[in-house]
Every structure is written in structure tokens, then in C-alpha cells.
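Okay, structure first, notes after.
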């Protein structure tokens, strides 16, 4: 209860953060965070399209919902980019780059696609964004010697995702 | 005097976890009572505002070694001791996340 109250206070006034950080964040890296964020971008585009089709009058409720979808799309595209950058910058080592020489270009492509997914409501771009991060995930898990599998996400938009096959 | 901060990172887990809040006392007098094991918030030129555990205090009390609870912690093992002037406050109250055990 106290934590809930302080969390609201933090959301309102923005408390300062005290870092208890690790140089390798406790060794925990997982591209699934980026994958889910990218998937959310596609979901928001789908919701934007559905709303535009069904609400022809475009009253205040339309603009309110549309603004929220756009805001979430913006936020999650940027989060996906951030998560990929952290793994790329902190985890990926020269030995990985020797084995996967395409990695730099792939990460750069992801950054570009993430930005394009913010700038537009183009579903194809967003789906490509998801797939590029899937490829990044495959490489990431391979560096750890973990096999991967592809399966449809168990929630809309149910795109194919790469998961560690544990 | 008192300051509320949010903890980010898990180098002090399981005592302090990411998303917990801490209340720190900024009363200078308290520094005299700083001892090994205390949780302190301090300023670091590169890393900014950090929170770690006091590992060791020099005889003069001028410098303090701080540490985390795991091998990956960014602490005095990497950046050396911190000066007592860098200390912002000592944790006097800890508000755990509801899902923390």
C-alpha cells in the first residue's frame, strides 16, 4: 500500500533514481523485451486502422483513442530500439561480430525501421521491424548456444516470434 | 534532511530490488555513525546518483569503499573509494515492491 502510494507520487513528481547498477546488468539480457515492444507497434497500427474504419464521425472519443494508440506506438518503438542497443552495446563482443558479420548492419536496420515505425502507420514497415528483431534474437541466442524456435505470439497480432527452445 | 528515492538496478538484490523506494537521511551528523553494512546514496562523477552498501571506512573517515551483492556490481572494486563529501545520505527506511519477497 505504501509502495503504491509512493509509486503514484513518483509518477506525479518524478523521484530521483539511485542506481544500484551492474556493468553487465546482472548478466540478464533477453531480446524478448524488444520483440514484444515491436509487436506492440504492429498491434497499435492495427487498432489505429480499426478505429479509423469504424468511427467515421471522428468526434472527441476518436481523437482521444487515436492519440493514445499513436503515443503507445511511439513509446514502444523507441523501447524496442533501446533494448536492442543495450544488448548490442553491452553484450555483443568482437568475437560475436566475427561470427556474425551481418550484426552491425542488422542493428542499424532495426534502428531505421524503428524510426520509420514511429514516423508512419505503415504495417509492413512495423512487421519488418518485428522480423528484424526476431533475426537479432536468433543471433543473440546462438551466441549463448541456445537453440531457438519460431511460434506465433499467443496474442494479437499473433505474428511469428523467435523464442529460446529450452 | 530527508529524501525519497527510487532504486534502479539489482546489484543490491535481494535486500534492495529494482523498483523499491528508499528514504535517506541527509543529516550530516549521521555520517559519524556510518558503519559497515549501511546502505548509502552517493554522487559519482561518471555514474551519477548511486546506491551501494558500505564495505569499509578508512581510519580517518575520509574515504569509503562501497560494494554491491553480486560480481557484476559497479562499485569500489571498479572506481575505487568515494569521499565522505560524495555521500548524499544513509538509507533509514526501505519500501519494498509488493511482489518482493
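Values quoted throughout were computed directly from the atomic coordinates according to the rules given, and no laboratory measurement underlies them. Please read all numbers here as calculations on a predicted model, not as lab measurements. Cβ coordinates were reconstructed from backbone atoms using ideal geometry, including for glycine residues, and neighbour counts include every protein chain displayed.
On alpha carbon coordinates alone, what is the Rg over Rh value for region B:49-101, Rh being the Kirkwood radius?
Dividing the radius of gyration by the Kirkwood radius yields 1.03.
Of A:106, A:51, A:15, which is the most mobile in a GNM of chain A whose springs link Cα atoms less than 10 angstrom apart?
A:15
Tell me the mean residue ellipticity at 222 nm calculated for the protein assembly as shown from its helices only (DSSP H runs of n ≥ 4, each -39500 (n - 2.57), averaged over every residue, nearest 500).
Estimated from H runs of four or more residues: -14000 deg cm²/dmol.
Find how many whole Å separate the alpha carbon centroid of region B:1-70 from the alpha carbon centroid of region A:97-115.
39 Å
Using the Cα gyration tensor of region A:27-89, with a ≥ b ≥ c the square roots of its eigenvalues, what is the shape: rounded (a/c below 1.5), prolate (a/b larger than b/c) or oblate (neither)?
prolate
Please arrange A:140, A:62 by how many other C-beta atoms lie within 10 Å of their C-beta, fewest to most.
A:62, A:140
What is the fewest-to-most order of B:97, A:43 by other Cβ atoms lying within 10 Å of their Cβ?
B:97, A:43
Binning every alpha carbon pair distance of region A:15-166 at 5 Å from zero, what are the percents per bin?
In whole percents, the pair-distance histogram is 2, 9, 17, 19, 18, 13, 10, 6, 3, 2, 1, 0.
With viscosity set to 0.890 mPa s at 25 °C, what whole-number translational diffusion coefficient in µm²/s follows for region B:2-95 from Stokes-Einstein and a Kirkwood radius over Cα pairs?
Diffusion coefficient, whole number: 187 µm²/s.
Could you give log10 I(q)/I(0) at q = 0.16 Å⁻¹ for the protein assembly as shown, computed by the Debye formula over C-alpha point scatterers of equal weight, without solvent?
For the protein assembly as shown, the Cα-only Debye profile gives -1.16.
In the calculated pair distance distribution of region A:46-126, what percentage of Cα-Cα distances lie above 16 Å?
Percent of Cα pairs beyond 16 Å in region A:46-126: 60.
To the nearest 10 degrees, how steeply does helix A:32-54 sit against the main Cα axis of chain A, on a 0 to 90 scale?
Between the helix axis and the principal axis of chain A, the angle is about 20 degrees.
When chain A is treated as a GNM, springs tying every alpha-carbon pair under 10 Å, which of A:102, A:57, A:78 comes out with the largest mean-square fluctuation?
The residue that fluctuates most here is A:57.
Could you list B:94, A:108 so that the one with the fewest beta carbons within 10 Å of its beta carbon is first and the one with the most is last?
A:108, B:94
Average partner chain C-beta neighbours within 10 Å, per residue of B:9-22?
4
Round to the nearest 10 and give me the degree value, 0 to 90, for the angle of helix A:2-13's Cα axis relative to the longest principal axis of chain A.
So the inclination is approximately 80 degrees.
Which residue, B:35, B:53, B:78, has the most motion in a Gaussian network model of chain B that connects Cα atoms within less than 10 Å?
The residue that fluctuates most here is B:78.
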